[in-house]
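Beneath this line is the structure, given in structure tokens, with notes to follow.
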Amino acid sequence: MKIQMYKNPALYDACTAHKINDIPFYRHWAIKTNGTILELACGTGRVAEPLLDKKYDYTGLDLSPVFIDHCQSKYPEGEFIMGDIRDFNLGQKFDLIFIPFNSFLHLYTEEEMTQCLKSIQNHLSENGKFLLDNFVPDPEFLYRNQDKKHKEMMINHPEGGKCTIWQKNQYDEDSEINHIHWYFDRGDNGEQDEYKFDMRMIYPDTMDRVLSESGFTIEEKWGDYDGEPFDENSLLQLYICS
Ligand SMILES: C[S@@+](CC[C@H](N)C(=O)[O-])C[C@H]1O[C@@H](n2cnc3c(N)ncnc32)[C@H](O)[C@@H]1O
């Protein structure tokens, strides 16, 4: 069966249960900016929860109505709004705006990226900070055998039991879009659920340029969540912008 990850909060949470290493990073910047927070592409509230726990004034925006309903009922103290990060108008400024965990890679053209960055500028307070977290495209991953299923991860499936996720991908160099296909193997020889999605690969020089051309100042660029400066060995591109 074909599934949509962004319509299934329990499955999304199962697939991202391992992802906790960025939480201290967002807490750090929440403390530093000490004001209103806007998370773009907030998902199921993975980052919202630890910030709401600390009583921050938090708003999350996401395209998925299912995720927004899920967040609003799970975290009534936060504000969750359905919207598109390429074009939004909340009529409010924020002291901290961020896009975690590669969500920006769901913008497939430079035009979409620029539209999103313009909307962010309209919502950033004068001394506000904008944080962006994208991985660095890895040629070993992009150019591996397209016909083979590669093991991606094991999860505890929300419907019970362990599940192995296998992945195939096909990278289109012209569009710089990686077409990804996941297969959910629950070890029961039954029909495997399948999930297809695309991610735009954004190389560090492109991201630097698009941010600068959109009027942002890149104050710092880290290569990991501990604050190591970005270099050619970094796996992440973490931007701290004003
Ligand atoms: C990788 S998840 C990240 C969720 C959450 N921020 C986290 O760190 O766990 C990507 C999210 O982006 C959302 N999304 C994709 N395209 C979007 C768009 N154009 N506008 C708003 N949200 C979008 C999806 O619905 C999904 O919740």
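Selection of the range 60-81 for residues being more than 14 Å from Pro9 (Cα to Cα) and surrounded by 21 or more Cβ atoms within 10 Å (Cβ to Cβ) yields Gly60, Leu61, Gly78, Phe80. Restricting Met154, Met207 to those that are under 24 Å from Pro24 (Cβ atoms) and at pLDDT 95 or above reduces the list to Met207. Assessment of the range 126-148 against the conditions (assigned by TED's automatic domain parsing to the domain that holds Thr217, aromatic (Phe, Trp, Tyr), in a helix (DSSP H, G or I) and within 15 Å of the chain's Cα centre (by Cα)) yields no matching residue.
Yes/no per residue for (1) modelled with pLDDT of 95 or more; (2) within 16 Å of the ligand (Cβ to nearest atom); (3) under 24 Å from Tyr12 (Cα atoms):
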| residue | (1), (2), (3) |
| --- | --- |
| Lys55 | yes, no, no |
| Arg86 | yes, yes, yes |
| Phe94 | yes, yes, no |
| Leu105 | yes, yes, yes |
| Ser119 | yes, yes, no |
| Leu124 | yes, no, no |
| Lys129 | yes, no, no |
| Phe135 | yes, yes, yes |
| Gln146 | no, no, no |
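Of all the criteria given as (1) surrounded by fewer than 16 Cβ atoms within 10 Å (Cβ to Cβ); (2) under 17 Å from the mean Cα position of the chain (by Cα), the one not satisfied by Lys118 is (2). With respect to being of a type in the set (Asp, Glu), in a loop (DSSP other than H, G, I, E, B), surrounded by fewer than 21 Cβ atoms within 10 Å (Cβ to Cβ) and away from the ligand (no atom under 12 Å from the Cβ), Glu111 falls outside the description. Quick one: in the range 216-225, of everything that is over 18 Å from the mean Cα position of the chain (by Cα) and surrounded by 12 or more Cβ atoms within 10 Å (Cβ to Cβ), which residue is farthest from Glu126 (Cα to Cα)? Within the range 216-225, the match that is farthest from Glu126 (Cα to Cα) is Glu220.
The values are calculated or read from the model by the stated rules, or taken from the named source; none is laboratory data. These numbers were taken from a predicted model, which means no experiment stands behind them. Positions of Cβ are backbone-derived with ideal geometry, glycine not excepted, and every protein chain shown enters the neighbour counts.
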